[in-house]
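Report on one structure; see the data block that follows.
The values are calculated or read from the model by the stated rules, or taken from the named source; none is laboratory data. From a predicted model like this one, the values you see are computed outputs, not experimental measurements. So basically every Cβ, Gly included, is an ideal-geometry build from the backbone, and we count neighbours across all protein chains shown. We work out accessible area using only protein heavy atoms, side chains counted, and drop any ligands, DNA or RNA first. Shrake-Rupley method; radii C 1.70, N 1.55, O 1.52, S 1.80 Å.
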Amino acid sequence: MIKKIIASGIIGIVIIVALAVAFSTDVEPQPEPAPESDPTYLMQGVTQLDVMTGGDVIMPTKVSRPGCEEIDQCYIPSEITISAGESVTWVNEDSAFHSVTSGFYDAPQNLFDSGYMDPFESYTLTFDESGTFDYFCTLHPWMEGQVIVE
Ligand SMILES: [Cu+2]
């Protein structure tokens, strides 16, 4: 009985190794994908996949459900003031996807868009010109924030 189990285990491993070798030899090296550039958005930010906490603005937990807008805490802080040439880093500290997208849900501005940010992904954007920049989350329209550049 035990010998049978060991034998079938060994056969299983041999099959897995054989498949792995077969597939690994079939895979041809893929060319590097072209760097993403979206001409739709005028300002290009940098999205970091590294796990991090403590950005300038965070998306806290549970903001994927409505309610945070009532206390103005969908992004914390929901309003941040910087000087021209400075950057803002957002960190998604929630367990759901979120985005930082310019404009409002009903009226996107096509200035910048982080795309979907995974939990603990960060997005950094440099503001070279002064002005007031509204943004929202494409997945949760009640999430709204503002960057004021002086
Ligand atoms: Cu969101």
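Just a few scattered comments:
- One residue from 129, 144, 70, 121 being among the acidic types (Asp, Glu) and closer than 23 Å to residue 52 by Cβ: 121
- Within the stretch 87-120, being among the polar types (S, T, N, Q), without any contact (Cβ under 8 Å) to a residue 40 or more places away in the chain and open to solvent by less than 50 Å² (accessible area, probe 1.4 Å) holds for 89, 92, 101.
- For the stretch 122-144, a residue qualifies if it is open to solvent by 10 Å² or more (accessible area, probe 1.4 Å) and either more than 11 Å from the ligand (Cβ to nearest atom) or acidic (Asp, Glu) (or both), and the qualifying residues are 124, 126, 128, 129, 130, 131, 132, 133, 134, 144.
- Residue within the stretch 44-58 that is within 13 Å of the ligand (Cβ to nearest atom) and without any contact (Cβ under 8 Å) to a residue 60 or more places away in the chain present: yes
Rundown of residues vs (1) open to solvent by less than 80 Å² (accessible area, probe 1.4 Å); (2) at pLDDT 95 or above; (3) under 24 Å from residue 119 (Cβ atoms); (4) within 19 Å of the chain's Cα centre (by Cα), yes/no style:
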{"site": "38", "(1), (2), (3), (4)": "yes, no, yes, yes"}
{"site": "55", "(1), (2), (3), (4)": "yes, no, yes, yes"}
{"site": "63", "(1), (2), (3), (4)": "yes, yes, yes, yes"}
{"site": "71", "(1), (2), (3), (4)": "no, yes, yes, no"}
{"site": "74", "(1), (2), (3), (4)": "yes, yes, yes, yes"}
{"site": "80", "(1), (2), (3), (4)": "yes, yes, yes, no"}
{"site": "85", "(1), (2), (3), (4)": "yes, yes, no, no"}
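- When residues in the stretch 79-106 are screened for being away from the ligand (no atom under 13 Å from the Cβ) and in a loop (DSSP other than H, G, I, E, B), 5 of them pass.
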